[in-house]
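Undergrad: Following this message is one structure expressed as structure tokens.
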Amino acid sequence: MPLTNPPRLLGVKPANIPTFLTSKSRWALWQAVWSEKRQKYDKIPKHPRGYGISTTHTAKWCSYETALAALPTNATFAGVGYLMTGADGLVGIDMDKCVADGVIAPWAQEIVNQVGSYTEISPSGTGLRIFT
């Protein structure tokens, strides 16, 4: 059944993001565009000046500090994101539909415990992302 009102997105929590991510200039802002067909947000990467960027052309990526500073100045941006493309030595794990009312499902918590790395709740509030 389609949602009549898309869910509210969670905000960025800068203090939680570890330096092994913030120290790299692989960041962009993102714009949330609701997809009725998919019943979820598409996250469109953007430069702080508002134009679209490619996840494969690194010249327009920015530092974490630059992306974060632009977030409150432009209401079209929903968050900041680390661009997980190319060889940078990181692995990302994305788990959907494993958080309900802020509680992590036991099967997902077991994976988080086994990986033992930085984990965040996705902007939708219903999934997890692990960076290791």
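The values are calculated or read from the model by the stated rules, or taken from the named source; none is laboratory data. The structure presented is a predicted model; accordingly, all values stated were derived computationally and were not measured. Backbone-built Cβ (ideal geometry, glycine too); neighbour counts: all protein chains shown. The area values use the complete protein model at the heavy-atom level, side chains included, leaving out ligands, DNA and RNA. Shrake-Rupley method; radii C 1.70, N 1.55, O 1.52, S 1.80 Å.
Undergrad: Exactly one condition in (1) open to solvent by 50 Å² or more (accessible area, probe 1.4 Å); (2) at pLDDT below 90; (3) of a type in the set (V, I, T); (4) closer than 24 Å to T132 by Cβ is false for T73; which is it?
TA: So the condition that T73 fails would be (4).
Undergrad: Any idea how many residues of the stretch 45-54 are under 18 Å from the mean Cα position of the chain (by Cα) and loosely packed, with under 15 Cβ neighbours inside 10 Å?
TA: Residues flagged as under 18 Å from the mean Cα position of the chain (by Cα) and loosely packed, with under 15 Cβ neighbours inside 10 Å within the stretch 45-54 amount to 3.
Undergrad: Check D42, D88 and return the single one that is under 18 Å from T132 (Cβ atoms), of a type in the set (D, E, K, R) and either modelled with pLDDT of 95 or more or surrounded by 10 or more Cβ atoms within 10 Å (Cβ to Cβ) (or both). Before you say what the answer is, go through the steps one by one.
TA: On the way: D42 fails: under 18 Å from T132 (Cβ atoms).
The unique qualifying residue is D88.
Undergrad: Moving on. What's the number of the condition P106 fails, among (1) without any contact (Cβ under 8 Å) to a residue 60 or more places away in the chain; (2) more than 20 Å from T19 (Cβ to Cβ); (3) surrounded by 12 or more Cβ atoms within 10 Å (Cβ to Cβ)?
TA: All conditions pass for P106, except number (3).
Undergrad: Shifting gears a bit: Going through the stretch 48-66 one residue at a time, which ones are touching a strand residue (DSSP E or B) at 6+ places or on another chain (Cβ under 7 Å), more than 18 Å from E120 (Cα to Cα) and not β-branched (V, I, T)?
TA: P48, G52, W61, C62, S63
Undergrad: Also, quick follow-up: Which of the numbered conditions does C98 fail, given that it passes all the others? Conditions: (1) open to solvent by 50 Å² or more (accessible area, probe 1.4 Å); (2) touching a residue at least 24 places away in the same chain (Cβ under 8 Å).
TA: Going through the list (1) open to solvent by 50 Å² or more (accessible area, probe 1.4 Å); (2) touching a residue at least 24 places away in the same chain (Cβ under 8 Å), C98 breaks only (1).
Undergrad: Residues that are under 15 Å from L10 (Cβ atoms) and not small (G, A, S): find the strands (runs of 3 or more DSSP E) completely inside the stretch 30-132 holding 1 or more of those. Break it down into steps so the answer makes sense when it comes.
TA: On the way: elements: 40-46, 79-82, 92-95, 118-121, 128-131.
Because the criterion is at least 1 residues that are under 15 Å from L10 (Cβ atoms) and not small (G, A, S), the strands (runs of 3 or more DSSP E) in the stretch 30-132 that meet it are 40-46, 79-82, 118-121, 128-131.
Undergrad: Quick one: how many residues across the stretch 8-22 are loosely packed, with under 13 Cβ neighbours inside 10 Å and closer than 14 Å to F131 by Cα?
TA: First pass over the stretch 8-22, keeping only residues loosely packed, with under 13 Cβ neighbours inside 10 Å: 8, 11, 13-16, 18-19.
Next cut, closer than 14 Å to F131 by Cα only: 16, 18-19.
Going through the stretch 8-22 one residue at a time, the tally reaches 3.
Undergrad: If you check E36, E65, which single one turns out to be acidic (D, E), closer than 30 Å to D101 by Cα and open to solvent by 60 Å² or more (accessible area, probe 1.4 Å)?
TA: Details: E65 fails: closer than 30 Å to D101 by Cα.
The match here is E36.
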